[in-house]
Structures are given as structure tokens and as C-alpha cells.
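The structure under discussion appears below in the form of C-alpha cells.
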Amino acid sequence: MLSKSLPYCPDCIREHFNELEPRIRVIHGKTREPYDLPDKIPDDKEGVKCSLCVNSCRIEEGRTGYCGVRKNYEGKIKGPDKTYGYCDWYHDPLPTNCVADWVCAGSCDLGYTNCAVFYEACTFNCLFCQNWHYRERKTRATAAELAQAVNPTTGCICFFGGDPTPFARHTIEVSRLVEEKRRKVRICWETNGSVAPTYMDSWIDIALRTDGCIKIDLKTFSEPLNIALCGTSNRNTKENIERVARSMKKRHKPPLLVASTLLVPGYIDEQELTYMAEFLSEIDRTIPWSFLGFFPHFHFSDMPRTSQKQAESALRIAQEYGMENTHVGNVHLLV
């Protein structure tokens, strides 16, 4: 089954992308209009380049980048920096519903909480977004305010959203302030992996120091399919998975890297799962890989939930390629 919002099968998208791309771009543009977001990745020849993520927006004066929060103001890129970001947060008792809960030490920290930091912007435009309501919010918070939210019962911090990528500097500053308190708090990121590799290096260092992990959502392997589903390239996602994996041997437990894939019916087919399994297995077969059940949301509200059959197929393909640590999350959503 395919969504009316994206009426092209994965084979057609992979094999005939050049023909379909203009129509796919129009689809994404229309989904962004209600939120006053750019209808496409800005590429103004006279604009100022933002190098924070894979989009490399060239933004004209007075306009914002694809994320909607970084702006060309008087010839300079302005917006969330290390001092502030747009986010909300809450304290969730451990163990919590985390992508990495099955391999993270936090699942054993009874009596402690996870400070879950939800960032209100994203570098992707996933038509199936499970947290799409962030587009309607802009809650400003300083790094100092967020660091103050970490208390004696905080066992870990998880930066997610939306996505932490547009706020990469903010997450690093919050981490610095928390570490200054000289309390052991795990610091983790849950991300689409689109951040520029130089910032990923900083995230890796912090996660290693604090026993945190970096959870990267490998939504697709094929770049055309990623553009069709998410509006932009997954080039940095794949590079950053390789980048984090190179540091996995520096600490075996808990694992530094966790990969996850949302099993979107009709689009994440066996061919795509095979591409992903081959990619991950060639990097490191010990990478934990979680398959997540899909629930109809946003512009894919006309889709069914993930079937038990699709989840079993994903596990089988991963195991055929020798992946040693696989898991199915959100099993309550499976039908």
C-alpha cells in the first residue's frame, strides 16, 4: 500500500528518480507551506552558505534555511547558537521508551530519570514524521536554563526532536555546563545523522566521556528514496554512521552507536532493507540495529501500521548479513 501523499513505489523512485524528482519536490514544498518553511533547500547564488548540515543551504538576505531557524541576517548566518535553542524538556523515569533502551545501561538505573530534550526544528521533512507537532512550536531556552534542569536524580540526557542538528552548538554547550557540575550523567543524541561531520566528532567525544550513545536513524539507504520520503539527502547520515562506528572500539559497553530504522509499510521494502544490511555489516556487524514499528502520522496518516511479517522480514535480512545485535521496538504497534 502507498500513501496518496507519495504515490510512487520504492522501485519507481530508485529506478526513475530523475523523472519523478520534480513532482516529489512539489509534494514536499506543499507540506511545508502551512508552517512558513522554505518549500525547498535554499540555493541562492548570492546567498550566504550555512555549513551546519547536509543541506548546505545558500540563504538569501532575510530568508531562513531549510530547517526554518537559521537565517541570513545582514550577510551573516544567525539563529540558535551555543547560548540558546528552541526546545522543551521533561524528566522521564528510567527505564524509558528509548531507541537504545535494550542496550543502554540507563535501563538499569531505577530511581533515576532521563532528561529528554525535544528540539523544535529539523533538517529533514519526513512525510511520515512521528513528532510533526514541533513545527507548531518555538520555545526558546538558554543552555544555562537547560543545564539547570539536570538534578541529582538525572541519570541521562537525550537530545532528540525534531532533530538536534540545527542546535548542534547548543547541545555541546549544554553538555559542557553539565559536565562542569562534575556529576556522571550519560549524554546521548538521537538524530537523523545529517549534522556536519565536524560537529559529529564533538558529539562522539562527549558521548564517550559520559558513557552516552549516539542513536542514528537510518531511514533509508538509497538517496533517491530518502529524498522522496524525507525531502533531502542521507549522504551525511551514512558518513556519520561510519564515523561513529570507527570509535566503537574505544568503548564496548554501552555501545557508542545504535542504528534504527522505522519500518514504513510500502516504502521500506526488502530491497531497501538489504541495502541497509549490506551497508551496516560491511562497517561493523556488532552495531546494534533496532527496527521500529510505524504508526500512521502526518502526511502518511492513510497508511497501515507495520505488520509482524515486515518486522520478521527485517530481522531475517539483517541476520542473513551477519548483523549480531538486532531488535524490534514499538512491538505494540505491530499488526
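The values are calculated or read from the model by the stated rules, or taken from the named source; none is laboratory data. It should be emphasised that the depicted structure is a prediction, and the values quoted were computed from it without experimental measurement. Cβ: placed from backbone, ideal geometry, glycine included. Neighbour counts: every protein chain shown.
Being under 18 Å from the mean Cα position of the chain (by Cα), surrounded by 17 or more Cβ atoms within 10 Å (Cβ to Cβ), over 26 Å from Gly29 (Cβ atoms) and of a type in the set (D, E, K, R) is the requirement here; does Asp101 meet it? Walk me through how you get there before you give the answer.
Working: under 18 Å from the mean Cα position of the chain (by Cα): yes; surrounded by 17 or more Cβ atoms within 10 Å (Cβ to Cβ): yes; over 26 Å from Gly29 (Cβ atoms): yes; of a type in the set (D, E, K, R): yes.
Judged against the criteria, Asp101 is a match.
Could you tell me which of the residues Lys40, Lys45 is among the basic types (Lys, Arg) and modelled with pLDDT under 95? It would help to see each step written out before you state the result.
Details: Lys40 fails: modelled with pLDDT under 95.
Sole residue among the options that is among the basic types (Lys, Arg) and modelled with pLDDT under 95: Lys45.
Listed here are the residues, each with its yes/no results for (1) in contact with a Cys (Cβ under 6 Å, 6 or more places away or on another chain); (2) modelled with pLDDT of 95 or more.
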{"residue": "Trp132", "(1), (2)": "no, no"}
{"residue": "Glu145", "(1), (2)": "no, yes"}
{"residue": "Cys158", "(1), (2)": "yes, yes"}
{"residue": "Thr165", "(1), (2)": "yes, yes"}
{"residue": "Ala168", "(1), (2)": "no, yes"}
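Does Gly155 meet the test of being in contact (Cβ under 8 Å) with a residue 40 or more places away in the chain, in a loop (DSSP other than H, G, I, E, B) and either under 20 Å from Thr96 (Cβ atoms) or not hydrophobic (A, V, I, L, M, F, W, C) (or both)? Before you say what the answer is, go through the steps one by one.
Values: in contact (Cβ under 8 Å) with a residue 40 or more places away in the chain: yes; in a loop (DSSP other than H, G, I, E, B): no; either under 20 Å from Thr96 (Cβ atoms) or not hydrophobic (A, V, I, L, M, F, W, C) (or both): yes.
Answer is no for this residue.
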**Message:** Condition first: among the aliphatic types (A, V, I, L, M) and buried (at least 22 other Cβ atoms within 10 Å of the Cβ). Now tell me which residues in segment 186-203 satisfy that.
**Reply:** Ile187, Val195, Met200
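Do we have any residue at all in segment 68-75 that's among the aliphatic types (A, V, I, L, M), in contact (Cβ under 8 Å) with a residue 40 or more places away in the chain and touching a helix residue (DSSP H, G or I) at 6+ places or on another chain (Cβ under 6 Å)?
Yes, that holds for at least one residue.
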**Complete:** Checked segment 193-227 for anything closer than 19 Å to Lys250 by Cβ, among the β-branched types (Val, Ile, Thr) and part of a helix (DSSP H, G or I); matches are Thr198, Ile204, Ile206, Thr210
**Prompt:** Among the residues of segment 279-300, is there at least one that is touching a residue at least 12 places away in the same chain (Cβ under 8 Å), among the basic types (Lys, Arg) and under 30 Å from Arg176 (Cα atoms)?
**Reply:** no
**Message:** Here's a check for you: in segment 110-122, which residue that is in contact (Cβ under 8 Å) with a residue 24 or more places away in the chain, more than 19 Å from Ile41 (Cβ to Cβ) and part of a loop (DSSP other than H, G, I, E, B) is farthest from the chain's Cα centre (by Cα)?
**Reply:** Gly111
**Message:** Considering only segment 44-52, I want to know if a residue exists there that is assigned to a helix (DSSP H, G or I) and surrounded by 13 or more Cβ atoms within 10 Å (Cβ to Cβ).
**Reply:** no
**Complete:** Given the conditions (1) of a type in the set (A, V, I, L, M); (2) under 23 Å from Tyr199 (Cα atoms); (3) part of a loop (DSSP other than H, G, I, E, B), every one holds for Ala144 apart from (3)
**Complete:** Taking segment 123-140 and keeping residues more than 15 Å from the chain's Cα centre (by Cα) and either surrounded by fewer than 15 Cβ atoms within 10 Å (Cβ to Cβ) or under 14 Å from Cys230 (Cβ atoms) (or both) leaves His133, Glu136, Arg137, Lys138, Thr139, Arg140
**Request:** Determine whether segment 13-27 contains at least one residue that is under 23 Å from the mean Cα position of the chain (by Cα) and part of a loop (DSSP other than H, G, I, E, B).
**Result:** no
**Asked** Failed condition for Thr198, given (1) free of Cβ contacts under 8 Å to residues at least 12 places away in the same chain; (2) closer than 28 Å to Glu21 by Cβ, with all others met?
**Response** (2)
**Asked** Of all residues in segment 104-122, how many are surrounded by fewer than 19 Cβ atoms within 10 Å (Cβ to Cβ) and of a type in the set (A, V, I, L, M, F, W, C)?
**Response** 3
